[in-house]
Structure formats: structure tokens, C-alpha cells
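S.K.: I have a structure here, written as C-alpha cells, and I will follow up with some questions on it.
Read the figures in this text as sums done on the coordinates, not as results from a lab. Remember, it's a predicted structure, so these values are computed and weren't measured experimentally. Ideal geometry is used to build each Cβ from the backbone, glycine not excepted, and the neighbour counts take in all protein chains shown.
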Amino acid sequence: MSSNYEIVIGLEVHTQLATRSKLFSTAPVVYGAPPNHSVSPVCLGLPGVLPVLNARAVELAIRTALALHCKVHTRSVFARKNYFYPDLPKGYQISQYEEPIATGGYLEIETESAQGEMHSKRIGITRVHMEEDAGKSIHDAASGAGNGSLVDLNRAGVPLLEIVSEPDLRSPEEARAYLRSLRSLLRYIEVSEADMEKGQFRCDANISLRTAGAPRLGTRTELKNLNSFRFVEGALRAEIERQAGILDAGGTVQQATLAYDPASRRTRVLRLKENADDYRYFPDPDLVPLVFDDEKVESVRANLPELPAQKLARFEQQYELSEYDARLLTANRSLADFFEASVVEYGQPKPVANWILRDLLQLLNTRDVDIEALALTPALLAQLIRLVDAGRVTARHARELFPELAERGGDPAVLIRERGLEAVSDGGLLERTADEVIAAHPDSVERYKNGEEKLLNFLMGQVMQRTQGKANPQAIRELLARKLTRIIHETP
Amino acid sequence: MVERLGTLRELRDALAARAISSQQLVAQALERAVAGKSLHHYVGLRSKAALAEAAATDARRASGAARSPLDGVPIAIKDNMVQRGEATTCASRILEGFVSPYDSGVVEKLAAAGLIVIGRTNMDEFAMGSSTEHSIYGSAHNPWDLERTPGGSSGGSAGAVAFGSVPAALGSDTGGSIRQPAACCGVVGLKPTYGRVSRWGLVAFASSLDQIGPLARTTEDCALLLQVIAGHDRRDSTSLPEPVPDYTAALTGDVSDLVIGIPVEYFNAEGVDPEVLRCVRTAVVELEKAGAKTREVSLPHLRYAIATYYLLATAEASSNLARYDGVRYGRRAQDVRDLHELYRKTRSEGFGAEVKRRILLGTFVLSSGYYDAYYRKAQQVRTLLRRDFEEAFRSCNIIATPTAPEVAFRLGEKSDDPLTMYLSDVYTVSVNLAGIPGISLPCGFAHGMPVGLQLLGRALEEAVLLRTADAYQRRSDWHTRTPPEVA
């Protein structure tokens, strides 16, 4: 693509609020329930049913708005978005339209410059509003739909929060960083599990290109249902290429809604804007305006958990970590919590930080999982570090065992014994082995005596070999050095 | 023919005195309902279930465990209030086959007091109409003149009460649908304050206007029934939390502390039958004789009421009726090729002409580009109308008007003229827009047909409204007149 286009991206994220019941009914929110089992007359849109707003969802919405530095509106209004679809039981979705619960905030993201420097950037948040999810249509013959379609209404009425960003993002990488940061924040403040695989965190993107420096934004297109981080980046890249191709050829981009096909790495127009639906929004007369007082907002603010930026600053100070390390440790809440719990277990931050930053993060990256997926506990990690400290296992062996220990759990001392990796702490055995090695390599001892100090390493290696690496290298070094010194002094 | 049933109060007293059993009453009600079958007041009777419930009631009463003084009294409900295990159709083809798996709030309240629902009453489809002619079950007939409509949309409920197959019935009122048929049939009908009675389980026509209320032969009976059904319901977000006063205790017969407002705009409205006006004026004079003061009041925005009402009610209806799509319940069109055809065919076949007219109108009102000019503007006018009433109620406690500009019209007379039909709602719709309570009670006859006096009260002042209506009935006997028996 020509590099003289400025990329302008805005994202709309739908995140599922972690409530026990649905947004307007008492039906439970359960993931993986059999189809149409987690429903009530309200979710089914039966004649005569009425919505009642879930107070917990409101609290979570306010909490999110505050964490995003938004203005929380003490009066907001639910509206009906009218359209026909089989998985929309009432023929309308209850959402917020003209008067959302919050507007005008921002989210900090970290981006890397071409030179590899990290910069932080503020992305504006246009609005945050509550709405109910629709059900799920299944057109797949394998699921028993045959030639027809099936509808599962378990998801119908599940509470969502829509978070709309300003068009402040300038690259697919920034878009990805925004989504990561947002998801991390939502998990931090415990408003959403934001599990993309479960559809709890979904993204639509608006994107346009303009000649660098142009005063007006270009025509934008909308990419729907970008349901993984990789997907988002791929889809945006593909769409940038498509739009740039049109502009390079002197054409004009048409306002449209598109879908991304990851197989062909192309975007495909679903419909043009002139065919856009008229949703006939109007205030839902079954609901009264949502009104609360400033005290409510303040009480939610008072109970707001520590935000990522605050935690980062505290980690740097309290644990004397570099900004880089602190940033890695606070990248998500579960990791940060794990670190702090481990420090409490072990008593000192530095070794814990080293283990997590080095071995744990590597494991998580390789496995592409969160820490919750592992059996590793803070107590277990602390125990392992203490075993190393006590010389019961060498650091190298401890690191070798770490992935297995982390994934399966268990008693590290037992695992070390089972694997026969106990460090040789038997002073007599080590002493005998050292004597044997010295006796077996008189040439090397001679050269060492003559000042070739590096021969000590060779002798160390020999001892290690004979103890199958189970001896503490530092202990061997000291032992050999002592013995050799004695030999030097004893020989005339 | 089996005799008409007594009033709610008479039946209550007879049951208390063990002069009659609930089983006898329910049997009598069912028999009379069947005898009047050709009047199309009912869309379905619960003969077996009602008799079984009556037997249970009698057993309760015998063991001294009656649920309320009204335990065992038969009643009817309009076909737009759901009852578990019962078909609910709203007199529409599109709800064919729908059986409700849950109870409406009012049905729960009736059951808690032991009242027995003997059947579901006929109505204009989805409560859209003023004549009970727009029904798949056929037009309902007015017991006073079988050639005339009983009014609507709660025409089945009003007709059944006038005919005497039940002492009382529930109706719903979105723009006059309780009061206008009450007036047409010579019975009493009360539309409570919006939010006073739960809408949970009332099939919505226009959510911000719909309200359930009682129809009965006397004001006292309306008070008794309102006592049963009023109250807060958490399942209805628009339900009012204020405590429910003792309505019958309020019926003192004394109106000497009250000022009755006479709105000039109402009495000068075009197209009102002078005979109707004469009856209403005479009734107001009677209330003055009873000690009430009267004064003129003004409701300057009243002339916009009908336009405002038909914009808002149709807008809400177009959305409320979107759920009838043939996907989950009710009627589904056959032999369709795709989704759009399923919708088009299901809804084309399922809805009647009047409902389609209103859905189209409402869809237009909400469309992008017209929203501000119609929907938003109408909401603004609604606020002005509400203020008009607030202002008027500063200088009076009650406002008196005719309920309808004319007596019940002939069947088919206005079928081809929807606008004239809409205009007959002139006295009632503003009350729903303002959310205040209104009652219609018989105040004479014109052209041989009953005339209704409409009294309006301040929000949540049903007690004052009922006291005034009751005071009038203590000085008049219109409500004791009964239509001639059908041959």
C-alpha cells in the first residue's frame, strides 16, 4: 500500500457483563447450557412480558465508565432498536441510544515505535452503553438444522456493554493494543470475563484512509464480528489494502459493512450503506429512565479496584522493579495477583519476579494460556525457589522441572526425588568425587598450578559429569579451589 | 333463560350468608354466558376449570378459610390478559394456538382473592378499535340493542356485565377501551392511574398508555374489584409503589368538599350529540345538589389529543407487535421459501386490517426523517397536555365530561371510516396521555341507548373519583336499569 495514507480506526467493543442473571429478566446467564434452557418468558418475548433492569449490570456499567474516565450520566434512557430476525425474540433489541449511561472518556494504550521504543497514547472513548444480546441462529446441517435454521435463545437478553472509541487509532497494531488494554482493564475491574472464545468480548471496527494531512476523514467502512485479536489485525490490514487499492486507482471508497475471511485474508462487502436498515429507535415505554444520584456513582468509585496504571506505579515502587518488568507483571490482573501472592509466600520480591518474568511468562506464551489454566500456585513457586536456595536442587534442574510442575502441580520435593534430580549435598561423596577427578587429571592440575586458571572449569565439568549434574556448581567450584590451593601449598 | 347475576356486593353477601354456593354461582354464570352466545361476548369459557375451582372455593369457605370476601365470585377477563394453561389470542388470528405458560399479575391477584375466571371476553384485535367489530370471533353485540356495537375495545367485558353473565369483568384501556364500552353498555368502567395495576401479562398495545381496570354495574363493585387488582408489581417497571388505600371505605356519599371542573373545550367539541350533552349536564347538576361545587376549567391543548394519541399509540404498537413473526409461537404461514416470505405471509395472514393500518402508521411515525416531526413532537405535546390537567386540577378535584360524543353506533356503521372511528375517542384519549384515572358511569339515555358520564381525577386519587361516582349513583338509578332480555 502507498505509505502516504493516514489510517483512521475506531473500534466498537461489546463485552458481556459478569452478572448472574440477564439484563432484563431473572433467567440465569450460563455458558454452555443445552439450547433454549437458560430462558424465561421474557427472553422468549412471549405476549405480555415486561423487562426489569438488572441493578448489578448498572453497577458494572458505572464501574467500567469510571475506569475509562468517562462522564457518568445520572439519567440515561433505554431505547428499542427495531428489526426483524429470528434470533431477536421481541422484534427489537433494548439498547441505549440518545442518552447512554456514560460518554467522553479515554483509555491509555502502549505502542511501540519503529525504533522499538514504548510510547503511551490516549484513545478517546466516545460512549459506553448497556444493551441486551440477541440469541444465536444455527444454519448448520451438522447441528441438526437440516435445510432450515435453528434458534438458541440462551444468549438472548445477556447483558452487554458497548464501548465505542473515538477514531483515534492509527494502525492495526494500535487497534490490537487498544483491545488488549481494554480487555485487561475489564478483567481488572471484574466487570467481564471478556473471554473471546465464549463470545464475551466482540469487536467491530470502523476504518478509513485519508491522504496524510488531509483535513477531512475519508469514507469509512465497518468490519463486523472480529472475534480474536489476530482476526482484528488481519482484517484491518486486508481492509487497508483494499481501500488503498481503490484510492490508488483514483476510485472512491463506498460506505459499506464488510466481513473478513481469514482463509483468503480478504474483506468482503456484506451490504452498502444505502441499503442500511432504519432501526426506528425510540425510548422503550416499558422501562422508566435509569436515574441514580451522584452518591451512587461515588460509592461505585470508592469500591473501584486498583487500575492497571496505578498498579504499575505501585509495583515499581513497592517491589523495586524496573518499569519494564513491572509492566510485564501487571499486564493482566491474574498475573499481578499471582506475583503478589507469591511474594507473600516467599518473602522477597526479586527471585519471585525473576521466576515469573523468565520461566512462567515463557510457558504462558508457549502454551498461549492464562495463568488460571495452570496448576501452579504461589505456594508451589515459593517452595521451588526455597529448594534451590537450600541447595536441594540446582537452579538448572529446577528450571527444567518448572513447566511440568506448573502444569500438573504436586509437591516439587517429591518430583525432584522421583526424577533423581536431588542435588548432591552429601559432602563425603562430593569430596571423594573431587579427589577422584584431581587424581585422574594430573596434567590439568599441573597446568592449573602453573597459572592456567581456566582449567578449574574443566575440572568442575568433570565433577558435574560424575555427579550427573546434581551437584551445586558453586559448591563444586569452592571445593575444587580449596583442594587445589592445598595441593599448590603442599607441593614444593 | 337463566337469571342475570347480581352485583359483586350482592354475591359477596349471599356467599357470606351461605345463601348460595360458589358452584351454583359459577354454573349460573356459565349457563347465562352460553345462553347469550350469539352476542359474542366471550371468546372462550373455562367451564370445567371454573366449576372445579368453585368446588374448591366452597370447601375453603366451609372450613372457614375463604381467601377474601369475594372468594368464589365468578368474573370474566379480556382476551389480552394471559392465564397459565389458557389460550390468549387478543382476538387475532396471529396468536392462534398460543397457550400461555404463565399468569398475568391480575390473574394472580384474582386467584389470591378467590375470584373465579369463567371465561375470556371478546375485544377488538389487539385492543385496537372502539366497537369490538375487529375480532376473529365476530362482532360483539350490545345487549341494549343487538344491532349496535357494545363499544370497544373491551366490548366483550362491558357486554357481559350488561347482559349479566358476570357481575364484573376486567378490561384494558389504552385510549378509552374500558370507559367507552362501559358508556355504550350502561355499566361502570374505571381506568386507574397509569401504573396502579400491573401490566405484567397484559398483551401490550401501547405500553405507555395501557392500563387494566374493572367493569361492573356499580361504582361500589368497581371499588371492590380495584381493591383486589391494584398494587405494586416488581415485574412491571412502570408499576407505582404507593400503598393502595381502602377504596370502599372512601365511599361516604359526601361530595361537599369537592370542586368539579367543567372543561369548556370538552363541552364545545364538534360532533357531540346534544342529547348526550344534556344527560351529562343534568348529571353534573345532580352532583351540585349533592353538595359539590362546579367551576369551568380549561385544557388548551386538548384539540391535539387525538393526533398525539394516534401518533404515540401506533408508534408503540408497531414495535410491540413485531414479536408476532411466526417463529416461536402462534400462527406460522405455510409454504414459504425464505425468511422474508415467512414474515410477510405470517403477518399478512395473521393481522386484521385495523391492526395493519396502525402498524404501518406507527412504523412511519418512527422512521428516520419523520421521527422528530411526529414522534418527538407528539411526546412534547403529551407533556403539555399533562400540564394542562395538572393546572386544571389546581382548582378542582374532579373533571366531568361525556365519555363519548355519541351513544353506541350501529354495527358496520363506521367500519369503512377509520377516521370517524378515531374521532369518537375524543373524550377519552387525553386521559391516557396524562396517565390520570377516569371512570365512566351511566347518566341517562339518549335515543334509547345508555349515555356515559366521565369523571376524571388526579393521579392516584381513585378514591376521590370513586366517591364522586358513588355519590351520583346514590342519587340516581340509571345503573339499576337492565337491558331487555334477549328472546
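S.K.: Can you compute the modelled spin-label distance between B:Arg357 and B:Ala307, with each label point 7 Å from Cα toward Cβ, in nm?
M.R.: In this crude label model, B:Arg357 to B:Ala307 measures out at 1.9 nm.
S.K.: Right, another one. With an 8 Å cut-off on Cα pairs and a minimum separation of 6 or more residues, tell me the relative contact order of chain B in percent.
M.R.: 18
S.K.: In whole angstrom, and with the biggest value first, how far do the Cα coordinates of chain A range along each principal axis?
M.R.: Taking the Cα atoms of chain A, the three principal extents are 104, 55, 54 Å.
S.K.: Shifting gears a bit: How large is ³J(HN,Hα) for each residue in the stretch B:235-251, as worked out from phi by the Karplus curve 6.51 cos²θ - 1.76 cosθ + 1.60 (θ = phi - 60°), to whole Hz, x for Gly and Pro?
M.R.: For the stretch B:235-251, the Karplus curve yields 7, 10, 5, 9, 6, 8, x, 4, x, 8, x, 7, 6, 6, 5, 6, 7 Hz.
S.K.: Provide the FRET efficiency to the nearest 0.05 for the A:Ser137-A:Glu197 pair, computing r from the beta carbons and using R0 = 22 Å.
M.R.: Result of the calculation: an efficiency of 0.70.
S.K.: A further question on this structure: I need the per residue convex hull volume for the stretch A:232-385, using only the alpha carbons, in cubic angstrom as a whole number.
M.R.: 254
S.K.: Could you give the length gained by full extension between B:Ala446 and B:Val2, i.e. 0.36 nm per residue of separation minus their alpha carbon distance, to one decimal place?
M.R.: Value of the extension gain: 157.0 nm.
S.K.: Would you mind getting the Kirkwood hydrodynamic radius of the stretch B:195-314 from its Cα pairs, rounded to one decimal in Å?
M.R.: Evaluated on the stretch B:195-314, it is 17.6 Å.
S.K.: Another one. Using amide H atoms built 1.01 Å from N in the peptide plane, name the residues 5+ places from A:Gly157, or on other chains, whose amide H lies under 5 Å from its own.
M.R.: Those qualifying (amide H under 5 Å, at least 5 residues apart or on another chain) are A:Asp133, A:Ala134.
S.K.: Only bridges whose two residues both fall in the stretch B:8-253 count here: according to DSSP, what percent of them are antiparallel, nearest 5?
M.R.: Antiparallel: roughly 70 percent of the beta bridges in the stretch B:8-253.
S.K.: Let me ask something additional. Once you have the Kirkwood Rh of the protein assembly as shown from its Cα pairs, apply Stokes-Einstein at 4 °C and 1.567 mPa s and quote D in µm²/s.
M.R.: Calculated translational D: 39 µm²/s.
S.K.: Set the bar at 24 Å for Cα to Cα. Now go through A:Lys121/A:Lys350; A:Lys22/A:Lys90; A:Lys71/A:Lys296; A:Lys71/A:Lys121; A:Lys224/B:Lys345 and name every pair that lies beyond it.
M.R.: A:Lys121/A:Lys350; A:Lys224/B:Lys345
S.K.: Could you state the number of Å between the C-alpha centres of the stretch A:1-58 and the stretch A:69-134?
M.R.: Here the two parts' Cα centres lie 13 Å apart.
S.K.: Using a Förster distance of 56 Å, how high is the FRET efficiency between A:Ile487 and A:Val369, based on the Cβ-Cβ distance and rounded to 0.05?
M.R.: It comes to 0.55.
S.K.: Could you state the orientation-averaged shadow area of the convex hull built on the Cα atoms of the stretch A:1-90, in nm² to one decimal?
M.R.: Value for the stretch A:1-90: 10.2 nm².
S.K.: Whole-Hz Karplus ³J(HN,Hα) for the stretch A:157-164, in order, using 6.51 cos²θ - 1.76 cosθ + 1.60 and θ = phi - 60°, x for Gly and Pro?
M.R.: Karplus values, whole Hz, x for Gly and Pro: x, 5, x, 10, 10, 9, 10, 10.
S.K.: In whole Å, what are the extents of the stretch A:306-418 along the principal axes defined by its C-alpha atoms, from largest to smallest?
M.R.: Principal axes ranked by extent give 44, 29, 19 Å for the Cα atoms.
S.K.: Let me ask another. Go ahead and run the numbers for FRET between B:Asp417 and B:His232, Cβ-Cβ distance against an R0 of 45 Å, rounding to 0.05.
M.R.: Taking R0 as 45 Å, the efficiency between B:Asp417 and B:His232 is 0.60.
S.K.: Can you give the helix-only mean residue ellipticity at 222 nm for chain B, where every DSSP H stretch with n ≥ 4 adds -39500 (n - 2.57) and the sum goes over all residues, rounded to the nearest 500 deg cm²/dmol?
M.R.: -11000 deg cm²/dmol, from helical runs alone.
S.K.: Under a point spin-label approximation (7 Å from Cα along Cα-to-Cβ), what is the A:Arg399-A:Glu431 distance to one decimal in nm?
M.R.: Taking the two extended label points, one gets 3.2 nm.
S.K.: For the stretch A:427-490, what are the per-bin percents of Cα-Cα distances with bins 10 Å wide, up to the bin holding the maximum?
M.R.: Result returned by the calculation: 23, 61, 15, 0.
S.K.: On to the next question. Return the ratio Rg/(2.2 N^0.38 Å) for chain B, where Rg is computed over Cα atoms only.
M.R.: 0.91
S.K.: Given the stretch B:8-253, report the % of alpha carbon pairs whose separation exceeds 32 Å.
M.R.: Here the tail beyond 32 Å accounts for 12 percent of pairs.
S.K.: Provide the gained length on full extension for the span A:Glu418 to A:Lys350, in nm with one decimal, where the gain is 0.36 nm per separating residue minus the Cα-Cα distance.
M.R.: 21.6 nm
S.K.: May I ask for the percentage of alpha-carbon pairs in the stretch B:424-480 that lie more than 18 Å from each other?
M.R.: 39
S.K.: Between the stretch B:371-402 and the stretch A:195-231, how many Å separate their Cα centres?
M.R.: Spelled out, the Cα-based centre of one part sits 47 Å from the other.
S.K.: Could you estimate the translational diffusion coefficient of the stretch A:188-280 from the Stokes-Einstein equation, with Rh from the Kirkwood formula over C-alpha pairs, at 37 °C and 0.692 mPa s, in whole µm²/s?
M.R.: Approximately 224 µm²/s, per Stokes-Einstein.
S.K.: So if I take the alpha carbon set of the stretch A:392-473, get Rg, then get Rh from the Kirkwood formula, what is the Rg over Rh ratio?
M.R.: 1.12
S.K.: May I ask for the percentage of alpha-carbon pairs in the stretch B:141-264 that lie more than 26 Å from each other?
M.R.: Within the stretch B:141-264, distances greater than 26 Å cover 25 percent of Cα pairs.
S.K.: Can you name the helices of chain A, as whole DSSP H runs, whose Cα span along the helix axis is 27 Å or more and whose Kyte-Doolittle mean is not below -1.0?
M.R.: Sorted by number, the helices that extend far enough and score high enough are A:229-248.
S.K.: Of all DSSP beta bridges located in chain B, what percent are antiparallel, nearest 5?
M.R.: 70
S.K.: From the C-alpha coordinates alone, can you work out the Kirkwood hydrodynamic radius of the stretch B:1-57, in Å?
M.R.: Taking the inverse mean of 1/r over all distinct Cα pairs, the stretch B:1-57 comes out at 12.1 Å.
S.K.: While we're here: Quick one: if you stick a label point 7 Å off each Cα along the C-beta vector at A:Glu323 and A:Gln468, how many nm between them?
M.R.: A separation of 4.9 nm, rounded to one decimal place.
S.K.: If you don't mind, another one. Based on the alpha carbon coordinates of the stretch B:1-133, what radius of gyration and maximum Cα-Cα distance (Dmax) apply, in Å?
M.R.: 15.2, 46
S.K.: If you bin the C-alpha pair distances of the stretch B:44-93 every 5 Å from 0, what whole percents do you get?
M.R.: Calculated P(r), rounded to whole percents: 4, 17, 24, 20, 16, 10, 6, 2, 1.
S.K.: Divide by every residue of chain A the summed helix terms, -39500 (n - 2.57) for each DSSP H run of at least 4, and state the resulting mean residue ellipticity at 222 nm, rounded to the nearest 500 deg cm²/dmol.
M.R.: About -12000 deg cm²/dmol.
S.K.: Distance from the Cα centre of the stretch B:293-366 to that of the stretch B:135-202, in angstrom?
M.R.: Using only Cα atoms to place each centre, the spacing works out to 21 Å.
S.K.: Among the aspartates and glutamates, which have Cα under 17 Å from the Cα of A:Lys311 when same-chain residues fewer than 8 positions away are ignored?
M.R.: Cα-Cα hits under 17 Å: A:Glu108, A:Glu110, A:Glu190, A:Glu320, A:Glu323, A:Asp325, A:Asp337, A:Glu340.
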